[in-house]
1. Please give the number of the condition A:I273 fails out of (1) under 22 Å from A:E90 (Cβ atoms); (2) under 17 Å from the mean Cα position of the chain (by Cα).
2. What number of residues within segment A:241-257 satisfy the criterion of being crowded, with 23+ Cβ neighbours inside 10 Å and at pLDDT below 95?
3. Restricting the search to segment A:157-176, which residues are farther than 12 Å from A:R203 by Cβ and touching an Asp or Glu at 6+ places or on another chain (Cβ under 8 Å)?
4. So which residues in segment B:53-87 are crowded, with 20+ Cβ neighbours inside 10 Å, under 21 Å from B:Y154 (Cα atoms) and of a type in the set (A, V, I, L, M, F, W, C), if there are any at all?
5. Within segment A:79-89, does at least one residue satisfy the condition of being of a type in the set (A, V, I, L, M) and surrounded by fewer than 21 Cβ atoms within 10 Å (Cβ to Cβ)?
6. Just to verify a result, which residue in segment A:22-50, among those that are away from chain B (no Cβ under 13 Å) and of a type in the set (D, E, K, R), is surrounded by the most Cβ atoms within 10 Å (Cβ to Cβ)?
7. Given the residues A:I310, A:I286, A:I363, A:I377, which is the only one that is more than 11 Å from chain B (Cβ to nearest Cβ), within 26 Å of A:N245 (Cβ to Cβ) and aliphatic (A, V, I, L, M)?
8. Which condition breaks for A:L432 when tested against (1) away from every other protein chain (no Cβ under 12 Å); (2) modelled with pLDDT of 95 or more; (3) within 26 Å of A:Y348 (Cβ to Cβ)?
Amino acid sequence: MEHIVIIGNGISGVTAARHIRKLSNKKITIVSAETKHFFSRTALMYIYMGHMKYEHIKPYEDWFWEKNRIELKLGFVNQIDTTSKTLHFEKGDSLNYDKLIIATGSKPNKFGWPGQDLKGVQGLYSKQDLDNLEIYAPDNTVCKRAVIVGGGLIGIELAEMLHSRHIPVTFLVRENSFWNGVLPEGESEMINREIIRNGIDLRLATNLKEIISDTTGKVKSIIIEETGEEIPCDVVGLTAGVSPNINFIKDSGIETNRGVLVNRFLETNIPDIYAIGDCAEQHEAIGNRRAIEAVWYTGRMMGETGAQTICDNRLEYKPGHWFNSAKFFDIEYQTYGWVHGKKGQPDYETHFHWKHEDDNKCITIAFHKESRQFLGINTFGIRMRHEFFNRVLSENRSVEYVLEHLADANFDPEFYKHFEFEIQKEFEVKTLDLI
Amino acid sequence: MSQKLNHSLSLAKPDAYHTSGKQKLFLAIGMIGLFVLVLTLFNFDEFSVWSLISAISLIALGITGFATDAYINKPEGIKNNGVWFKSISSRGLSGWLTGLVLTLFYIVLYFYPYLLGLGKDGSENSGLVAFFDPLSKLLNGGPASQWFVYGTLYTMAILLFGYKFLLKYRHNRYEQLRTYSVMFFQLAFAFLIPEFMARLNSETFSLPYYDLKNIWPLNYYNFEQYRVDSFISAGDVGLGILIFGVASIFIITPILTYKYGKRWYCSWVCGCGGLAETAGDPFRQLSDKSQVAWKIERWIVHSVLVFVVLMTTAVIYSYLGYDSEKYWLTKDVFLLSVAGFLTLIFTLTMIFKRHELGKDARYGAIGYFVIILALIGFHYFSNQSKLFIFEAETLRSSYGFLIGAIFSGVIGTGFYPIFGNRVWCRFGCPMAAILGFQQRMLSKFRITTNGGQCISCGNCSTYCEMGIDVRAYAQKGENIVRSSCVGCGICSAVCPRGVLKLENDSMKGRINPNEILLGNDVDLMDLLNQK
């Protein structure tokens, strides 16, 4: 029986395993150094906030794996021997595979800041990161202030987490507005205000210079690059993005760049070795996507596709229309298609922006200047239907069509106030101005 | 019940989720009110109307003040911070203690009401029951009973904790309207109207105590002889109410459930649901989500349903006559109609919905069906004083004891802090079983999943009071169509990514199992879904 070994039990690896099981009878082993069972990484924050316990963030009950004949091995892979098809573990044992899927995910970026390896300095990615946070920031007496460095999705989540335990947070964001490399101006500014409304000390256009140690090797304070200000703190959260977690692969002969290089079939340069999820890097980015996509959904899709290829139905990874979602404190965010921030905005792309006077709902619709084709939407505080936008994007509908049918897209709970009329009115007024 | 009022607010983990000074003050105020109620049990003194008013006001002030301070100054949104750190809401010591106290309260209430001060054999009340006499006299003209005390405390709990729930979900109009609805139905239909109806009773005209929204089989005693006699002897009004009671089962309920799902009743109207959604809200995360629990639930709740059908049939049968000249509904006509109706439902389900039933559901349905028909068949061979092989009275009293008292009261509410707030609704309520059966088979209601947006975080499953593993569906992109769903809407509310929406839409495409989620290439989806 062919033995499929998957390194990494995150969403990519587990999805691959599940689909391989559906399609075949092959022997499957999932290796992880993190936890025995699969858990939802995106839900780690809710454990710290007390919304859930660890057992709740496991999407499958523990009997699931045995029932589906998926073996779980706890261990850290030190080295891959691609000629003898063997994995060597840190503890000295080894495991043979016929086909190998690398799905090791990411690790938090560290940009060589002085003091970045001190105690109390950490990212928020793994279960171990969460355990550490529980040690260094259990409450606001042990942790009198935390500083977060890096204004992205994980940064704002970490801010929300610490805030939930009444720990004062200083949030350093390199850009002059939160996540504005991705979000258009109006949205980014609204989120700035949401962060401040929640009592976070938000510092825009501010960089970290160094992290200062106390006598025990634990963080004592940080220094801000621009002003030289010293901020005393007990925890520093490094959340300036993530990069592929592939150190152990370096000498294996598997071709890597920042991630494990794969073709569109998710195959590496070595036969029978595949890479999926956050750690995989496309030779050439697909469409507007990045070559490395560190997103839950793309990890899942790669798992689905990879399983097909492994089970003799060689299939290209062809992600459909881009979508994503997040939550910024109490404001939910969904995006369908492409809406660019100022930085990456192509010439042909123009935006229509609407914001509710409450300052907690807004949308931005991107469309083609000349052809009026709908390109994408960002929606904050109003839930919208994935299926609707997937359809209008596939059908190349115009922005006018989308505006006209916006009510069909609404996915808010029943009895919620609707804003389509208001949005349509404002669109008419604003487009009149454009002409 | 009353004990829960304050305990569920207390004993927060002090370091991370401290109780503010103001909250402590309100807690103390509420406790004093509660303490007055406890004091009355010892009959130290005659308590005046004023002490009743002040005790109730203190409790009300305590709860509303606490709730206001806890929510009003925080931004609108989901407020589940620290739920699993608080002893009361995470099966900690105070959770167990509260469960214990509540359970004892229910045991006393059901089986030893004189300990609460109920006068024996019509003698005067004392203690807690006497304490409520003035209020009872004001509403219905007579002295209080243990049930009047319980009803008052129950209504207070729904109103006061309803206020707390309204604050907690003030950003969510679905939750707001639903809560106003249960508060209204409890106060008007369950509490005030029956009391006023009792006032109308006289020597010549008398209606049994009747909460109109309480439908058979939840109201399992509705067709007992004394009630039916009294409806009929109360002329047109009584007959109208009796007809309404029957129509609610066979006409009103099916239509509403078809259009809106069982939520129209379970989380908008029902009193048990009302308490679960308000006072029980802090315990919703304690329900068991395992597959084993789901299996147990299906067998128990449907067995209770079979039990109540048998019991009611036996009870009605026992007081009907033989002679069709006297009254058209004779024992035989009745029994044959019951058998005919059940056969009709069974046949229709098996013909049109067989493929939607799991293997165990099919076996279960067939098994129960055979049992009921066999028992009805026995009738023709047995001594006519009994239906089936049991005495109707034995069936009635064991149902009342086991299901009516122990299950719905002692376990259903007493164990809120241990098993969650919907234990009764999920495992025991035969009404929920009927509505759920219809919801699964013939209803426009479903929870729609939003394409591929699920991140499997588990908030939906954790906060599902009915123990449905919502995530198992959402992460597959599959709509949730489950008989047990009461449509409380909390899964949708706590979802951080906007994945779930309760809605009524056409029956077509309601159940949509997908192999691959939206977001991947269309060809791949077609390939997999066609398989």
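1. (2)
2. Adding up the residues that qualify gives 1.
3. Residues satisfying the conditions are A:R165, A:H166, A:I167, A:P168.
4. B:A55, B:L58, B:I59, B:I63, B:F66, B:A67
5. no
6. Applying the filter and picking the extreme gives A:E34.
7. Step by step, each of A:I310, A:I286, A:I363, A:I377 is checked, and only A:I310 is more than 11 Å from chain B (Cβ to nearest Cβ), within 26 Å of A:N245 (Cβ to Cβ) and aliphatic (A, V, I, L, M).
8. It fails just one condition, (2).
The values are calculated or read from the model by the stated rules, or taken from the named source; none is laboratory data. This structure is a prediction, so every number in the text was calculated from the model and none was measured. Using ideal geometry, Cβ is built from the backbone for each residue, glycine included, and neighbour counts are taken over all protein chains shown.
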